[in-house]
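The values are calculated or read from the model by the stated rules, or taken from the named source; none is laboratory data. Computed from a predicted structure; not experimentally measured. Note that we place each Cβ from the backbone using ideal geometry, even for glycine, and neighbour counts take in every protein chain shown. Note: areas computed on protein heavy atoms with side chains; ligands, DNA, RNA excluded. Shrake-Rupley method; radii C 1.70, N 1.55, O 1.52, S 1.80 Å.
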Amino acid sequence: MYKRDLWKGVVKVYMVRIAELFAPKDMTEGEPWKRIIVFSIPMLIGNIAQQLYNTVDSIVIGRYVGDNALAAVGNAFPVLNFLLVLFVAVATGAGIMVAQYFGAKDRERLSRSIGVCITLTAITSFIIMVVGVIVVRPMLKLINTPESILDWCAEYLLILLVGNWGFSYFNILSGILRGLGDSLSPLVFLLISTALNIVLDIWFVAQFNMGVPGVAWATIIAQVISAILCFVKLKKMRNVFDLNLEMLKPMKEYVTQLIKLGIPSGLTQAIFSLAMVAVQSLTNSFGEMVIACNVIVMRVDGFAMMPNFSFGVTMTTFAGQNIGARKMDRVEKGVREGLIIAVSVSTVITIIILLYGRHLMSIFTRTAELVDLSMRMMSILAVGYIAMAVTQVLSGVMRGAGDTVTPMWISLITAIVVRVPIAYAIAYLTRSEAYPTGRPESIFVSLLIAWVCGAIITAIFYKKGNWRKKSLLSNGQVEA
C-alpha cells in the first residue's frame, strides 16, 4: 500500500512538471538569458524538424529519382515562397499582438486577436490556393525553368498550393502558441508530423514510384496532422483566453491592427521572394547542374540558418511580452545577452560547415562533381551566418516592439538594391568561353554581401531607437 502511494506521488509530481513544460511561459520574469535559451531550444529543434520537410523531399528525390528531379523540387521554392506572402503577413501580426497582450495580461484583446488570426488564415489560404493555381506555370516560364524539369516543378507546386491549408494553419497556430510563451507544444507536434512526412516520402516515392508528386502529397498530409494538433492544444487553453464563435468574428479594429503589423513583413517576404525569383532566373541560366547545386546548398543553409531564425523569433516574443509589461530595461539586457548567444552559436556552425560540409553535401547526391561544386559554393556563404545572427536578433526585437516597417526597408535594400544587381554584375563580368553566362559563384557572393550589409544597417537602425515608440499599448492601441 505504501509503495503504491509512493509511486502515485512520484507520477503526480512528474505529470505536474510535464504540464508546466507545455504551459504558457511568462518571459517578463527571471534571468533574460535563461528565458531566451529555454524558449529557443524547443523552437530550434522544431525549426530543424520543419526544415526536414524540404530536406527529406530533396534527399528522397535525389536518391530515388535523380539530379534533375532534385533540381525540379528546388526550383519550385522561390515561386512557392512568393505565393505565400499573404500568410506571412497574418502570421507576423499574430505573433506580435499575442505576445504583447499576453504580457499585459489583457484576456479580452488576446482572445479577439487570436480569433481574428484564425479567421484571416482561412481567407488567406483560399486566396493563395486560387491565385497559385492560375499563375504557377507562367511564373515558372518567367524564370526560365528548363523544359526538362518544368512539368515536375508545376505539378509539385500545384499540389502544395491546393493543400496549403495545413501549412498555413500549423504555422499560424504554432506562432500563436509561441506568442503565449509555449514553444514546446509546437515542437512535439512538428516532430510527429516530420516523422510522418519521412515515412510517407519513402513510402510514396520508393514503394509506389510516385516521383515528385509523391513528396508533395506526403508533405500535405503531415502538415494537416500538425495543424489539427495545434488547434486541439489551443482549445484546451481556456484558462488563458477564450476561443468561440464570438471571438472569430473579424472585428475591424483587430483586422486593421493585424494588417498594420503584418503587411510590412508580408511585403518583406514578397521583396525577398522576388529577389529569389530574379536570382533563380540567373541560376537557371547556368543549367541543371548548378540548379541542383543551389538546391543542396540551400538545404544545408536552411539548417545552418535555423538557430538565427529561432533566436529572432524568441527575441520577438521576449521583447513583445516585456514591452507589454513596460519593462524596457529588461528588453535592453535581453538584447545584449541574446546577441552573445546567437553570435556564439553561429560561429560554431560556421566552423562545422567549413570542416565537415562535404559530408553534408554527399547526403543529397552520388554525383562527385555535384558534391564538389556544392561545397565550393557553401564555403562562400559560411561566414555570413555570423552577420545574420546580428540581423535576426535585432530585427526580432524591433518586430516585437511593433516596428515591422524598419526590417521591411532593410530587406528591400539588401535583397533588391544590393543582392540582385551584384549577382547579375558579377555574372556579366565573369563571362568567358568556359562560362558563357558567367561564373555560378555570383549567386553566392552576392548573397554574402547582402547579409553583411543587412547586419550593418540593422544595427544602425536599432541604435537609433525609433522602435521603442511602437508598442500597441501606447500609440494606436486597439480598443476592445
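A few points about this structure:
- From the list Leu44, Leu52, the one residue that fits, being modelled with pLDDT of 75 or more and surrounded by fewer than 23 Cβ atoms within 10 Å (Cβ to Cβ), is Leu44.
- Test: residue in region 356-364 that is more than 30 Å from Ala69 (Cα to Cα) and open to solvent by 10 Å² or more (accessible area, probe 1.4 Å): no
- Failed item, numbered, when Ile271 is tested on (1) in contact with a Ser or Thr (Cβ under 6 Å, 6 or more places away or on another chain); (2) modelled with pLDDT of 75 or more; (3) open to solvent by 10 Å² or more (accessible area, probe 1.4 Å): (2)
- Test: Ile61 is hydrophobic (A, V, I, L, M, F, W, C), more than 30 Å from Trp203 (Cβ to Cβ) and either in contact with a strand residue (DSSP E or B) (Cβ under 7 Å, 6 or more places away or on another chain) or modelled with pLDDT of 70 or more (or both): no
Let's see how each residue does on (1) under 18 Å from Asn47 (Cα atoms); (2) open to solvent by 40 Å² or more (accessible area, probe 1.4 Å):
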{"site": "Val188", "(1), (2)": "yes, yes"}
{"site": "Leu200", "(1), (2)": "no, no"}
{"site": "Met210", "(1), (2)": "no, yes"}
{"site": "Ala218", "(1), (2)": "no, no"}
{"site": "Cys230", "(1), (2)": "yes, no"}
{"site": "Lys233", "(1), (2)": "no, yes"}
{"site": "Met237", "(1), (2)": "no, no"}
{"site": "Val240", "(1), (2)": "no, no"}
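- Residue selected from region 96-110 under the condition open to solvent by 20 Å² or more (accessible area, probe 1.4 Å), of a type outside the set (A, V, I, L, M) and touching a helix residue (DSSP H, G or I) at 6+ places or on another chain (Cβ under 7 Å), by the criterion modelled with the highest pLDDT: Arg109
Yes or no, residue by residue, for (1) surrounded by fewer than 20 Cβ atoms within 10 Å (Cβ to Cβ); (2) of a type in the set (Ser, Thr, Tyr):
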position	(1), (2)
Val133	yes, no
Leu140	no, no
Ile143	no, no
Pro146	yes, no
Asp151	yes, no
Leu160	no, no
Tyr169	no, yes
Ile172	no, no
Gly175	no, no
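- Residue count, region 234-245 (criterion: in contact (Cβ under 8 Å) with a residue 60 or more places away in the chain and not in a loop (DSSP other than H, G, I, E, B)): 1
- Of the residues contained in region 409-417, none is found to be touching a Lys or Arg at 6+ places or on another chain (Cβ under 7 Å) and either part of a loop (DSSP other than H, G, I, E, B) or β-branched (Val, Ile, Thr) (or both).
- For Leu373, the criteria (1) in a helix (DSSP H, G or I); (2) in contact with a Gly (Cβ under 9 Å, 6 or more places away or on another chain); (3) in contact (Cβ under 8 Å) with a residue 40 or more places away in the chain hold in every case but one, which is (2).
Every residue, every condition in (1) at pLDDT 90 or above; (2) in contact with an Asp or Glu (Cβ under 9 Å, 6 or more places away or on another chain), yes or no:
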residue: Gly400; (1), (2): no, no
residue: Pro407; (1), (2): no, no
residue: Ala415; (1), (2): no, no
residue: Ala423; (1), (2): yes, no
residue: Leu429; (1), (2): yes, no
residue: Ser432; (1), (2): yes, no
residue: Ile457; (1), (2): yes, no
residue: Gly465; (1), (2): no, no
residue: Leu473; (1), (2): no, yes
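- Taking every residue in region 204-233 that is of a type in the set (Gly, Ala, Ser) and pairing it with any residue that is in a loop (DSSP other than H, G, I, E, B), at least 6 positions away or on another chain, the pairs with Cβ-Cβ distances below 7 Å are Gly211/Val65; Gly214/Phe208.
- Residues that are farther than 25 Å from Ser58 by Cα number at least 2 in the following helices (runs of 4 or more DSSP H) confined to region 86-195: 107-142, 164-179.
- Selection of region 177-186 for residues being farther than 17 Å from Met97 by Cα and open to solvent by 10 Å² or more (accessible area, probe 1.4 Å) yields only Leu184.
- Any hit, region 337-356, residues being on the phi > 0 side of the Ramachandran plot and either out of contact with any helix residue (DSSP H, G or I) (no Cβ under 6 Å at 6 or more places or on another chain) or assigned to a helix (DSSP H, G or I) (or both): no
- Any hit, region 292-307, residues being part of a helix (DSSP H, G or I), more than 25 Å from Ala423 (Cβ to Cβ) and in contact (Cβ under 8 Å) with a residue 24 or more places away in the chain: yes
- Within region 274-296, being crowded, with 22+ Cβ neighbours inside 10 Å and either of a type outside the set (A, V, I, L, M) or farther than 17 Å from Val445 by Cα (or both) holds for Gln280, Thr283, Ala292, Cys293, Asn294.
- Taking the criterion of being surrounded by fewer than 21 Cβ atoms within 10 Å (Cβ to Cβ) and of a type outside the set (Gly, Ala, Ser), the residues of region 307-329 that qualify are Phe309, Arg326, Lys327, Met328, Asp329.
- Some residue of region 319-330 being within 17 Å of the chain's Cα centre (by Cα) and modelled with pLDDT of 85 or more: no
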